[in-house]
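Any read-out appearing in this document is the output of simple, stated calculations on the displayed coordinates, not a laboratory observation. From a predicted model like this one, the values you see are computed outputs, not experimental measurements. When we count neighbours, we look across all protein chains shown, and the Cβ atoms used for this are built from the backbone with ideal geometry, even at glycine.
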Amino acid sequence: MKQSKIWSVVLLFFGFIFIVAFSIALPIWCRFFYYLQIEPLNIEQNSGFTREQIIEAYDDVLDFLNFNQPFGTGELKYSESGKSHFEDCKVLFDLDTYALIISAAVLIAAALLSKFRILKPEKLFKFDFYFYSGVLALVIPIVMGAAIAVDFDNAFVVFHKIFFPGKENWQFSWHDDQIIRILPSQFFFNCAIFIAVALVVLSATSIIIGIVNHRKCKRIENFIK
């Protein structure tokens, strides 16, 4: 079977992309993560809307972002500026989805190529590529954690300025864009924590498996000697 170091580097990159894209997608896909926070965050009382209205509005926005459904916020009012921000968000959501699909496809293809003994990734400094994917991805929650610990509100603003350069449409009007009433900053903080935890878990899993396989190969080499 042919082994390739370049193929390992390619898979290291796609392994990293998969971990990051999957972690980001989790709070987007898991709508119950939002539903569970409606009562603890007092969203009904603070917004003035019923639980049913809140869920309908949230689902409409997620359907637009994920499934190309017409934009809507249920019974809640929205402005054209507010709508345009969600259109900008959809670009990022689609980018994450494409990154997840492509990286998953590459990793599955790599597994099949290895299984049928066509092409196998060569170890990098005696570790499999996914060990390094995990190490690389682990940097993100560390940076996120530091930013959140220092000043989440400022980190939130910086995030929007980076990913929506030159735009101010993310600064919603409480009156014209009622959707912002049901999306408190604490919810976004919790989403950041969710993503960070997912990143840590997936990264740690990749690193641990990499270490276990490294030690297993080392034992085999020692036995042969």
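Figures for the structure shown
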{"quantity": "Rg over Rh [alpha-carbon atoms, Kirkwood Rh] for the chain", "calculated": "1.08"}
{"quantity": "Calculated from backbone phi, Karplus (6.51, -1.76, 1.60) coupling profile of the stretch 53-64 in Hz, x at Gly/Pro", "calculated": "5, 5, 5, 4, 5, 5, 5, 4, 5, 5, 5, 5"}
{"quantity": "Cα-projected label distance for SER114 with LYS2, points at 7 Å along beta-carbon direction, nm", "calculated": "1.8"}
{"quantity": "Cβ charges +1 (Lys, Arg) and -1 (Asp, Glu), total dipole of the chain, debye", "calculated": "2180"}
{"quantity": "Equivalent ellipsoid, the stretch 27-149 (semi-axes from 5 times Cα gyration tensor eigenvalues, Å)", "calculated": "40, 19, 14"}
{"quantity": "Computed [θ] at 222 nm, helices only, for the chain once each DSSP H run of length n ≥ 4 contributes -39500 (n - 2.57)", "calculated": "-25500 deg cm²/dmol"}
{"quantity": "Cα-derived Rg over Rh, computed across the stretch 112-225 with Rh taken as Kirkwood radius", "calculated": "1.21"}
{"quantity": "Interchain or long-range residues, amide H under 5 Å from LYS120's placed H", "calculated": "LYS2, GLN3, SER4"}
{"quantity": "All-pairs alpha carbon distance profile, the stretch 110-174, 5 Å steps from 0, percent", "calculated": "4, 13, 12, 14, 11, 9, 8, 10, 9, 6, 3, 1"}
{"quantity": "Distance in nm between pseudo-label sites at ASN213 and GLU39 (7 Å out along the Cβ direction from Cα)", "calculated": "4.4"}
